[in-house]
1. Being out of contact with any Asp or Glu (no Cβ under 8 Å at 6 or more places or on another chain), surrounded by fewer than 21 Cβ atoms within 10 Å (Cβ to Cβ) and under 25 Å from VAL269 (Cβ atoms) is the filter here; which residues of region 68-98 pass it?
2. Please work out which one of (1) modelled with pLDDT under 90; (2) at positive phi is the condition GLU8 fails and give its number.
3. Restricting the search to region 128-186, which residues are touching a helix residue (DSSP H, G or I) at 6+ places or on another chain (Cβ under 8 Å) and more than 16 Å from the ligand (Cβ to nearest atom)?
4. Considering region 228-260 alone, what residues qualify as being aliphatic (A, V, I, L, M) and assigned to a strand (DSSP E or B)?
5. Can you pull out every residue in region 142-169 that is without any contact (Cβ under 8 Å) to a residue 40 or more places away in the chain and assigned to a helix (DSSP H, G or I)?
6. Where residues in region 173-193 are not in a strand (DSSP E or B) and not acidic (Asp, Glu), which of them is surrounded by the most Cβ atoms within 10 Å (Cβ to Cβ)?
7. Would you mind finding the one in GLY217, GLY179, GLY186, GLY156 that is under 22 Å from the mean Cα position of the chain (by Cα) and not basic (Lys, Arg)?
8. Identify, by number, the condition in (1) surrounded by fewer than 20 Cβ atoms within 10 Å (Cβ to Cβ); (2) within 19 Å of the chain's Cα centre (by Cα); (3) not hydroxyl-bearing (Ser, Thr, Tyr) that PRO101 doesn't meet.
Amino acid sequence: MRTPRKGESSFDTSDTSIDVENLDLYEASAKYYDIWHEDYQEDVRFYLKLAERTGGPILEGMSGTGRILLPFARAGYEITGVDRSTAMMDNCATKLYLEDPDVQQRVDMIQGDIRDVKLDRKFKLAIIPYNSFLHLLEVKDQEMALSNIREHLEDGGLFAFVVFSPRLDRPEHLLRHRGTRLTKQGEIISWFESQIFDQPSQKTMVTYFYDISRQDGTLRRVTSVFTLRYLFHREALELLDRCGFDVLEVYGDYEGGPYKATSELMMFVARKKG
Ligand SMILES: C[S@@+](CC[C@H](N)C(=O)[O-])C[C@H]1O[C@@H](n2cnc3c(N)ncnc32)[C@H](O)[C@@H]1O
């Protein structure tokens, strides 16, 4: 693979003829999502603290398999999750089915697109956790989503989202081993990730490889490819302001530390402008 010249896109399109931006990565990989993310709790505490500030009801945009949705409902909050992926929502529904009826009653799951879904209620808090906002690939998509969320917030309602802080010095084209897990069915799954940054379009092409080996010696690989549009700190502040939000707080970690150049994360808490 040749190294791109300065200013040239680093997406090597000779590698693939896939329309990467229009693939639904979650249809292929939803069944592996919870294996890696279910026990990730750090952000749940952060969002629950915000909910203590605002009270419910709460809107989670891009709610996926319910990793955040369910702890909120267990904690007594009414929460509505919006997601466009059937596969992710099916996983969420399966988990919800195992919950107590009172928890089930507090959850509303809507299949739709956060850019234009219309709900018949307003919320005190809206959240988009875990880099999901970066699935919005164009500025107009980001603006549509924020304006739609704003319309669904009560006066003075809060909106929070968390994304990674772009570190463009990260090595590209390399496979990173994200971990190996044993499933209940006795399969061993290894997760590898590679990223290619395209600085002119501010997008990163991410490829996940899941290698699934069985006790009988067979090995299967599931690959999913997707694009994220990363955001810079200043850009996010301006975007929120333009879409009708006052930014109240910006953190660099889930403990509430300040955002710094070396922070892994950027966490924005904003209030709907009056
Ligand atoms: C990384 S998962 C996050 C799931 C969950 N919020 C969590 O923290 O575990 C991102 C989710 O965003 C959903 N998604 C992507 N674009 C969307 C859009 N425009 N509207 C609604 N859901 C979307 C995907 O289907 C996927 O379930």
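1. PRO71, ALA75, GLY76
2. For GLU8, the exception is condition (2).
3. GLY157, LEU158, SER165, GLY179, ARG181, THR183
4. Let us first name the residues in region 228-260 that are aliphatic (A, V, I, L, M), namely 228, 231, 236-237, 239-240, 247-248, 250.
Result: LEU228, VAL247, LEU248, VAL250.
5. Correct list: MET144, ASN148, GLU151.
6. First, pick out the residues of region 173-193 that are not in a strand (DSSP E or B): 173-175, 183-187.
From what's left, not acidic (Asp, Glu): 173-175, 183-186.
Details: HIS173: 14, LEU174: 10, LEU175: 10, THR183: 11, LYS184: 6, GLN185: 8, GLY186: 9.
Within region 173-193, the match that is surrounded by the most Cβ atoms within 10 Å (Cβ to Cβ) is HIS173.
7. Exactly one of GLY217, GLY179, GLY186, GLY156 is under 22 Å from the mean Cα position of the chain (by Cα) and not basic (Lys, Arg), namely GLY179.
8. (2)
The values are calculated or read from the model by the stated rules, or taken from the named source; none is laboratory data. Since we're looking at a predicted model, the values are computed, not measured. Ideal geometry is used to build each Cβ from the backbone, glycine not excepted, and the neighbour counts take in all protein chains shown.
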